[in-house]
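Enquirer: I have a structure I would like to understand better, so I am pasting it below and will then ask my questions one at a time.
The values are calculated or read from the model by the stated rules, or taken from the named source; none is laboratory data. Because the structure is predicted, anything quoted here is derived from the model rather than measured. When we count neighbours, we look across all protein chains shown, and the Cβ atoms used for this are built from the backbone with ideal geometry, even at glycine. Surface accessibility is based on the protein's heavy atoms, side chains included, excluding ligands, DNA and RNA. Shrake-Rupley method; radii C 1.70, N 1.55, O 1.52, S 1.80 Å.
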Amino acid sequence: MVGTILFAYHRFEHTREVLKALLHNDILPEKLYIFQDGIKQDTNLEEWRAVNRLIQNITWCETEVYVAEKNKGLAKSVVSGINHVLQECDAVIVLEDDCVPHRQFMRFMVTALSTYEKEQKVYSVSGYAWDVNLQDQEEDAYFNGRICSYGWGTWKDRWSQFEEDYHLVKKIKRDSAANARLQIWGQDLAGMVTGNILGKCDSWAVFWALKVIEKGGYCLSPYKQLVHNVGFDGSGVHGANIIEDSQRWEDEESKSFLFPKKIEINQECEDEFRFLFAGKHGEEKMKLYRDVLIQWIQMKQQGKSISIPETWEDGVAVWGKGDIFDCLIYELKENVQIKYIIESRPSSEEYKGIPIISINELPDDVRNIIVVPYFDLNIIKAKVKKLKLDIELWGLDECFVSENTQL
């Protein structure tokens, strides 16, 4: 049996939205296990009680409701809840109270769990579509090496390998093959482990992600979104105010999903995920950017400025935004036209009057790109090379000069 789990706490509207979406799925849970964490001292008691009444009065499927006597926190709640359900189920589908499933989420998950049940190297399936730019394929999903905790599932035998091991990163780095996988699928994970130690976060998923990387496991993800995370509205313990703009499935009545027959990961996928996670929370990346700003300040104090190659006279594009980009605009404004800003997945149409485009949309009139996130320069070079573009890339650090020149 596949058990469906919902972890709730005190967000009534979020929980109600998730349950309503589950009710309207074209496949209902065989059995819905609901775990509500206990009350903390500063918890909104009325909101918590409203959630409790909601989960106690579900009649549209079989349920088991567990209410913790004391507050466990997210990580302990999730791990203990999954362990409990897998005592009587062969596999689980896991939702938290901010993960609203598409009406075909359950069909996707149940079919995927059945399809890869015997494939021991497949560790996780998820309805969440990663923010990566992959070429369209005949299949509806693809394999990668990173678990996702937004609407996901696994099997009893694979979850049995889970362990809260704070030495996993060190173990992985001692193995060259595993460390290579870490550089693709988990450059942000060491920072998350540190965050757990310092009490800045309470993540169980970081250990699951590291275990799958250590084992060389495969994870299945859809190309289009089947889970909408509504928790990024600032209401959750781990929430932040961001907007999801991933492409979603149309709201069709039913669909037969086509899954990959070969369990493999292609180079394009590795490149995209390496770019997605590269130095996301890494100290090395932040140190490089601090060094650039320091070098820039020292250069200005010496009356020096950015070197402008003749090829920039017809205008340039800049890859990336942020504080350093703002400095770059000011530095170049009298001498070089910045025609476009390039982002992997543009989230808006323009910034400070400059059009924002993807690299696939770059017009022929631009032959030079200044790369602000030069930490990722080699990855960006690989993307440009794959597209066979006749473009010269300039890392930001290459723009400084040693001679006493003025713009």
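Enquirer: Would you kindly find the accessible area of ASP323, with a 1.4 Å probe and non-protein molecules such as ligands, DNA and RNA excluded, rounding to the nearest 10 Å²?
Expert: Here the residue's solvent-accessible area equals roughly 120 Å².
Enquirer: Moving to a separate point now. Rolling a 1.4 angstrom probe over the protein heavy atoms, how many square angstrom per residue are accessible across the chain? Working shown, then result.
Expert: Details: 20410 Å² over 407 residues.
About 50 Å² of surface per residue is accessible.
Enquirer: Here's another thing I want to ask about it. Let me cross-check ASP98: its accessible surface, 1.4 Å probe, with only protein heavy atoms counted, in Å² to the nearest 10?
Expert: So the heavy atoms of ASP98 present about 20 Å² to solvent.
Enquirer: Of LYS211/LYS261; LYS20/LYS255; LYS224/LYS255, which ones are farther than 18 Å apart at the Cα? If you can, show how the numbers build up before the last one.
Expert: On the way: LYS211/LYS261 24 Å; LYS20/LYS255 20 Å; LYS224/LYS255 13 Å.
In this structure, LYS211/LYS261; LYS20/LYS255 exceed 18 Å between Cα atoms.
Enquirer: Same structure, new question: So if we plug the beta-carbon distance of GLU350 and GLN183 into 1/(1 + (r/R0)^6) with R0 = 30 Å, what FRET efficiency do we get, rounded to 0.05? Write out the running numbers ahead of the final one.
Expert: Numbers: r = 34 Å, r/R0 = 1.13.
It comes to 0.30.
Enquirer: Cα to Cα, under 13 Å, and not fewer than 8 places away if on the same chain: which aspartates and glutamates meet these conditions relative to LYS76?
Expert: Those aspartates and glutamates meeting the cut-off are ASP37, GLU163, GLU164, ASP202.
Enquirer: Between rounded, prolate and oblate, where does the stretch 24-175 land on the alpha carbon gyration tensor, with a ≥ b ≥ c its root eigenvalues, rounded for a/c under 1.5, else prolate if a/b exceeds b/c?
Expert: oblate
Enquirer: Ratio of Rg to Rh for the chain, alpha carbon only, Kirkwood? Could the numbers behind the result be given before it?
Expert: Details: Rg = 23.9 Å, Rh = 23.5 Å.
Using Cα coordinates only, the ratio equals 1.02.
Enquirer: List every residue whose amide H lies under 5 Å from the amide H of TYR66, counting only residues 5 or more places away in sequence or on a different chain, with H placed 1.01 Å from N in the peptide plane.
Expert: ILE34, PHE35, GLN36
Enquirer: Considering the zone a paramagnetic label at GLU164 would reach in this model (a point 7 Å from Cα along the Cα-to-Cβ line), which residues of the stretch 30-73 have amide N under 14 Å from it?
Expert: The answer is 71-73, whose backbone nitrogens lie closer than 14 Å to the label point.
Enquirer: So, one more: Starting from the Cα of LYS388, step 7 Å along the direction of its Cβ; do the same at ASP202; then give the gap between the two resulting points in nm.
Expert: Once both label points are built, they end up 5.4 nm from each other.
Enquirer: With the full set of protein chains in place, find how many percent of the accessible area of the chain is carbon and sulfur; take the probe as 1.4 Å.
Expert: Carbon and sulfur together cover 46 percent of it.
Enquirer: Rounded to the nearest 20 Debye, what is the dipole magnitude of the chain about its Cα centre when Lys and Arg each give +1 and Asp and Glu each give -1 at the C-beta?
Expert: Numbers: 48 positive and 65 negative charges, 252 e Å.
Once rounded to the nearest 20, the dipole reads 1220 debye.
Enquirer: Around LYS31, which amide H atoms from residues at least 5 apart in sequence, or from another chain, sit under 5 Å from its own amide H, with H modelled in the peptide plane?
Expert: It is THR4, by chain and number.
Enquirer: Output wanted: per-residue J couplings in Hz (rounded whole) for the stretch 50-61, from phi through Karplus 6.51 cos²θ - 1.76 cosθ + 1.60, θ = phi - 60°, x for Gly and Pro.
Expert: Along the stretch 50-61, the couplings run 5, 4, 4, 5, 4, 6, 7, 10, 7, 10, 8, 7 Hz.
Enquirer: Near PHE143, within a Cβ-to-Cβ distance under 9 Å, what is the net charge of the other residues, with Lys and Arg +1 and Asp and Glu -1? Don't jump to the answer; show the numbers that get you there.
Expert: On the way: positive: LYS262; negative: GLU264.
It works out to a net charge of 0.
Enquirer: What does the charge count near CYS89 come to, summing +1 for each Lys or Arg and -1 for each Asp or Glu among other residues with Cβ under 15 Å from its Cβ? Mind showing how you got there, number by number?
Expert: Numbers: positive: LYS31, LYS156, ARG158; negative: GLU30, GLU62, GLU64, GLU88, ASP90, GLU117, ASP157.
Net charge around CYS89: -4.
Enquirer: Something else: For the stretch 70-109, what is the convex hull volume of its Cα atoms per residue in Å³? Working shown, then result.
Expert: Working: hull volume 3.4 nm³, N = 40.
Cα convex hull per residue, to the nearest whole number: 86 Å³.
Enquirer: Calculate, for ASN360 and VAL67, the FRET efficiency according to 1/(1 + (r/R0)^6) with r their C-beta to C-beta distance and R0 41 Å; round to the nearest 0.05. Please list the in-between numbers first.
Expert: Values: r = 50 Å, r/R0 = 1.23.
Calculated value: 0.25.
Enquirer: Another question about this same structure. By accessible area of protein heavy atoms, probe 1.4 Å, what ranking do THR43, THR111 get, highest first?
Expert: THR111, THR43
Enquirer: In percent, what relative contact order does the chain have, based on Cα pairs under 8 Å that are 6 or more apart in sequence?
Expert: Numbers: 692 pairs, mean separation 60.4, N = 407.
Relative CO of the chain lands at 15 percent.
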